[in-house]
Amino acid sequence: MTHVTTEVARPREAVGPLIRGSAVLRALAAAGGRGSASGLVRETGLARSTVDRSLSTLAHLGYVRPDGRDTVLAPRLMELGNAYLTACGLPDLLGAVAGRLAGELDESVWITVPDRDGVRFVHQASRRRAVSVAFRVGELLPAECGMGGSLFAAEWSGDEWRSRRRGETGDAAVSPGAESFEARIVRARRDGWALDDRLLDPGLVAVTMPVRDRTGRQVCAVNVVGHTSRHSAGSLREAVLPRLREAVAAMEDVLAAAVAPASRPVPAVPREQVAKRDLGAEFVASFARGLGVITALGVPRAGLPLTAVADATGLARATARRSLITLAHLGYVVAQDGLFRLTPRVLDLGFPCLSALTLPEIAQPHLATLVARVRDSASMAVLVGDDIQYVARVPTVRIMSVDITLGTRFPAHATSMGRVLLAGLPPGERGERLRRADLRPLTSRTVTSPVRLEAILGRADRDGYALVEEELEEGLRSVAVPVRDLDRRVVAAINVSMHAGRITAEQARESVLPPLRDTAARIERDLHVAGRFLKIRTS
């Protein structure tokens, strides 16, 4: 059970609602990102009213959403984990080197950091294969399971060893017959690198080296992970160790040259002030303030002083201090030399559950809300060659409706989503696609002239939408808008389709286009949070 920390262990100034709300959030994450209020009551030992108020607060912040009788984690929650990943700086600083290493070796590369007596994944540069490594960013493994654990343990203090002995992990977590953890620590200390031979899984082997800062402190570890169908432990070591040494040296050079930005953090929006007025007793302001402190600490530097945290959150200094004391008690913050910084434990707050989200999964609840508003079917599609492919869809119930299944493909030139996707291409590529595409007519109204289509796509690019009248099928009208990633590239399109006889094209522009654009903006907000440190699959 995920019980709340006992009153005896609490600092005198700790904020009880923040402790209890965090327990609810951790329990929901531990349940795989979905749970009922009654289940959370059982897991946390909290009163039902406390769980309900915590969930209401999280829902108002956009961190969870209702789904039938359950509550599920929402992509926006990842801004808490993003705060840690931004503050530690490792994905931004070392991700490019890890990506090049993965490409050169044709193997998956992971960056891990020490987290208490465990190993936390903070970055991946993976290679997609039929047999692939299934770790997730934010996931925590016991140190004895590998992935740099023996290297990190080689530098544990006496207190850390004593803490581990009081814990519940042990060598039984690894494959039977594996070398003891203590023996692996001795070997890693001697060699300066670690070899994992099917420790965690019979199919996995890995070579790991530490990355140190200019003081010699281990900051993280780089893991090259292979599958036994391609390598034995020995062949992986021979294949990757020389190049891994070079990559680690490059990473250490990057860390040595990195300079923390001198600018002050951007003040956070005090969402809890509006929410308290709107929700009253159902909103736990002190819980929301504590989560706001976590996001405020997400700046790439060694830490922030109390005054800067108060300025960034808009909180009184005393209020910010109590939140920091509580977050330190929970293990999410550490204080050193008057500066507060986030710990990897912040990633426990739902990040691993959400790190496998795809764009269709992000879009689906927003499309459902759109359909409830406009009472017509809504879909998402991506560009596949000269076609669009449907990757998400929410139908509506009407006597006459559009029946399309996921995976369906249509020629891009004759569809509203296809035109939005084509319009998002660079002009040169757009024209080249039109010149080589099979622009066959599907109805008597299908535009097939490359010159006309290029003009239509230019207008769709300028206007930010496309409306297609009976060019794909007689009687069918649809209007589409683009969905853009953090780099403003068009990665998908969403549309609303309707029977052409029900409303006019102008009425569709007036009544459907605004909520459609609003939905795209909501999808983009979630995509930008989820895609800050992860590559989000579009299908």
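Determine the per residue accessible area of the chain with all protein chains present and a 1.4 angstrom probe, expressed in square angstrom.
On a per-residue basis, 45 Å².
Let me check against my output: what whole-number percent is the relative contact order of the stretch 427-535, with C-alpha pairs under 8 Å and at least 6 apart?
Working: 123 pairs, mean separation 21.3, N = 109.
It comes to 20 percent, rounded to a whole number.
Could you give the angle, 0 to 90 degrees to the nearest 10, between helix 359-374's Cα long axis and the longest principal axis of the Cα atoms of the chain?
With rounding to tens, the tilt is 50 degrees.
So between D253 and R42, what do we pick up on full extension, going 0.36 nm a residue minus the alpha carbon distance?
Length gained, D253 through R42: 71.0 nm.
Quick one: what Rg and Dmax do you get for the stretch 82-125 from the alpha carbons, in Å?
That works out to 11.1, 32 Å for Rg and Dmax.
Project the alpha carbons of the stretch 327-473 onto their principal axes and report the range along each, largest first, in whole Å.
Each principal axis gives a Cα extent; for the stretch 327-473 these are 72, 43, 25 Å.
Run the accessible area of the chain with a 1.4 Å probe and give the carbon-and-sulfur part as a rounded percent.
Working: 12240 of 24340 Å².
Percent of accessible area from carbon and sulfur atoms in the chain: 50.
Can you tell me the length gained on complete extension of the stretch T408 to V186, counting 0.36 nm per residue apart and subtracting the Cα distance? Present the calculation step by step, with values, prior to reporting the outcome.
Numbers: separation 222, 0.36 × 222 = 79.92 nm, distance 5.67 nm.
Result: 74.3 nm gained on full extension.
Could you tell me what fraction of 2.2 N^0.38 Å the Cα radius of gyration of the stretch 1-109 comes to, as a two-decimal ratio?
Its radius of gyration relative to the 2.2 N^0.38 Å reference: 1.38.
Filter the GluC sites (Glu not before Pro) in the stretch 3-81 down to the DSSP loop ones having no more than 14 other Cβ atoms within 10 Å, then list what survives.
Passing sites in the stretch 3-81 are E7, E13.
Please compute the alpha carbon radius of gyration of the stretch 495-539, then divide it by the globular-protein estimate 2.2 N^0.38 Å. Two decimals is fine.
After normalising by residue count via 2.2 N^0.38 Å, the value is 1.59.
Run the helix sum for the chain: -39,500 (n - 2.57) per DSSP H stretch of 4+ residues, divided by residue count, reported at 222 nm to the nearest 500 deg cm²/dmol. Walk me through the numbers before you get to the answer.
Values: 20 runs with 233 residues, N = 539.
About -13500 deg cm²/dmol.
How high is the relative contact order of the chain, in percent, with contacts defined as C-alpha pairs under 8 Å that are six or more residues apart?
For the chain, the relative contact order is 14 percent.
The values are calculated or read from the model by the stated rules, or taken from the named source; none is laboratory data. Everything numeric in this text was worked out from a predicted model, so none of it was measured. A quick note on method: Cβ atoms are made from the backbone with ideal geometry, for glycine too, and the neighbour counts reach across all protein chains shown. Heads up: the accessible areas ignore ligands, DNA and RNA and are worked out on the full protein's heavy atoms, side chains in. Shrake-Rupley method; radii C 1.70, N 1.55, O 1.52, S 1.80 Å.
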